[in-house]
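One structure below.
The values are calculated or read from the model by the stated rules, or taken from the named source; none is laboratory data. This structure is a prediction, so every number in the text was calculated from the model and none was measured. Reconstructed Cβ throughout: ideal geometry from the backbone, glycine too, with neighbour counts over all protein chains shown. With ligands, DNA and RNA removed, areas are computed over all heavy atoms of the protein, side chains included. Shrake-Rupley method; radii C 1.70, N 1.55, O 1.52, S 1.80 Å.
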Amino acid sequence: MRRATRCVLAVTSRRRNLTFSRGLTTASSNANLRLFKIPELPYAYNALEPAVDQETMKLHHTKHHQAYATKANEVLKELNVQGESNSEKDSEYLLVNWDSVISQHKLSKPNLKKLKNNAGGFDNHCRFWKMLRPPRQQNAPQQGGELSNLINEKFGSFQEFQKKFSDSSVGVFGSGWTWLVQNADGKVDVVTTPNQDSPLEDGARPLLGLDLWEHAYYLKYQNKRPEYIESFWTIANWDYAQQQLNK
Amino acid sequence: MAFELPPLPYDYDALEPVISKETMTFHHDKHHAAYPAKLNEGVAADPKLEGKSIEDILGMISTLPPLVRNNGGGFWNHDFFWKIMGPKGSTQPSGALKDAIDAYGGRDKLKDDFNTKGAGQFGSGWAWVIKDSSGALKVTSTPNQDNPLMDDAKEPGTPILGNDVWEHAYYLTYMNDRPGYLKAWWDVVNWDEAGKRFDAA
C-alpha cells in the first residue's frame, strides 16, 4: 500500500515538479542521478608519454579519480540513489541543476560540500581523459574548421590563444583547472576554476581542460608547472574539442 | 628591506624518513623560494607597505591584492613550517603547552582533529593548531596560502603548529595518501618550538 502511494506521489511530482517539504526522498527527485563509476581510459596508461608519465596516469585515474567517485557516492547513497553510470551525463545533470536537485533533499552543509566537490572532481576527470590523446607534433584544431575560426575570432590567432591559456594556467594559484569553453552565446573563451569547480556551473561547455592540481604533474615535473603546460599542447585532443561544440 | 628566503634550520635529510631529502629540497629551494621574490614585487608596488614586517602585512591583508596575499602568506607559512619541525622523536610537549593539550582533550584527540581537518581541506591549504584569544588550543584549516594571522581569517589565532597539505609537500613519497602523510608528520613536530610560541602568544 505504502509503495503504491509513493509511486503515485513520484509520478505527480515529475509532472508538477513538487518539492516535498517533509524531506522525503522520492524516486522522481533521483530520476537523473546515478552512482558514479569511473570510466576506462581511452588509451593505455603510457600512451601520453613523454608529456604525462605512466605512473602519474595510473595514480591519477585509479586513485584520485576513483576517490572522487567513491566520496560522491557516499553522499548519493544516503539519498537512496540507484543504478550506476560511468558517463559524465549524470554528473553534468547534477552540476548544471545543482540548486534544484539539492532543494529536493535535506543534506547537511558538510555533505553538500562533499557531494559538490567530489561530483565536480568525477565530472572533470571523465572529460579530462577524453580531452587528451597520444602526443603528436603540430597538434592544432583543423584549419578553417569551426573551432579554429571561433578561436581566431576571440583571440586573434591560435598562438595568441595558446599564450592566454598557458599564462592562465601558470597563474592558477593552489589547485584548479584552466579550460577552453564555449559559452551560451556560441563564442569560446579561456577560463579557470578553483579546486574541482566546473565551467558547467556557469553555463559554459568545456571543450578542453588542463588539470593544474599538483598531483597531475608533480612526479615528473615537480615545481616546473610551465614545462607541464608546454607538454599539454602535444596531447590536447582537438577532435574531442571540435565534437563538443554546440552541444 | 626586502624579504629573503630563510635557510632551513637543519639539513635537507634531517626529517627523513617522514619527509624525504628530495621533498625538502624542492619544497624549500623551489616552492618557498618563489614566495619572497614575488612578495617583494608586490611590496615595491605599494608605498604604504614599505618597511612593514610580514606580520603587519598579514594583519592588513584583506586590503591587499592577491599577489601580496598569496606570496606573503606563502612566505610566512613556510618559514614557520621549517621551524616547528625537527628530527624525528627529539622533543615532547611540556609546560603550559602540555597543560593546554590536556585541556583540549589530550594529544591523541588533538592529532585526530588536526589530521581530519588536514585531510578535509579540499585542494591546497594548511592545517593549524592555534592559540585563540581565550588562550585555548584550537584546530583549524585554511585554503591555499592563507593563515590564521590574516585579518580576515575565519578562525583567527596564533599558529602553534601547522602542516602544509599542498600536494607538493608530500606527493613524491606519499602520492595520493594524504592521510598517511598527516599521520606520519607528528614524528617530526618540534614541541620545544611549539611550546615557545604558545608561551609568547
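Worth a mention:
- Shielded by partner chains, the stretch B:101-143 residues - at least 10 Å² of accessible area, 1.4 Å probe, vs chain alone: B:Phe122, B:Gly123, B:Ser124
- Most mobile of B:Leu49, B:Leu137, B:Leu149 in a GNM of chain B (Cα contacts under 10 Å): B:Leu49
- Charge-dipole axis of the protein assembly as shown as Lys and Arg at +1 and Asp and Glu at -1 on Cβ define it, positive-most pick from B:Tyr170, A:Ala69, A:Pro135: A:Ala69
- By the Stokes-Einstein formula, at 1.306 mPa s and 10 °C, the stretch B:1-96 with its Kirkwood radius over alpha-carbon pairs has D equal to 108 µm²/s.
- Reduced Cα scattering model of the stretch B:45-97, Debye log10 I(q)/I(0), q = 0.22 Å⁻¹: -0.83
- Rg/Rh for the stretch A:128-247 (Cα atoms only, Rh after Kirkwood) is 0.94.
- Whole-number Å³ per residue for the convex hull built on Cα positions in chain A: 128 Å³
- The helix-only estimate of mean residue ellipticity at 222 nm for the protein assembly as shown, built from DSSP H runs of length n ≥ 4 each weighted as -39500 (n - 2.57), is -13500 deg cm²/dmol after division by the residue total.
- Accessible carbon and sulfur surface of the stretch B:1-123 relative to its total accessible area, %, 1.4 Å: 52 percent
- The equivalent ellipsoid of the stretch A:196-235 has semi-axes of 23, 12, 6 Å, largest first, where each one is the square root of 5 times an eigenvalue of the Cα gyration tensor.
- Per residue, the convex hull spanned by the alpha carbons of the protein assembly as shown comes to 176 Å³.
- B:Thr25 versus B:Thr63: modelled label distance in nm, points set 7 Å from Cα along the beta carbon direction: 4.4 nm
- Within a Gaussian network of chain A (alpha carbon springs, distance under 10 Å), most fluctuating of A:Asp167, A:Asp189, A:Asp211: A:Asp167
- For the stretch B:74-163, the residue among B:Gly120, B:Pro159, B:Gln92 whose Cα projects farthest onto the positive side of the dipole built from Cβ charges is B:Gln92.
- Mean separation of Cα contacts under 8 Å (6+ apart) over length of the stretch B:1-143, as relative contact order %: 19 percent
- Among A:Asn237, A:Asn86, A:Asn124, the largest mean-square fluctuation in a Gaussian network model of chain A, built with springs joining Cα atoms closer than 10 Å, belongs to A:Asn86.
- Whole-angstrom gap from the stretch A:67-104 to the stretch A:146-162, using each part's C-alpha centre: 35 Å
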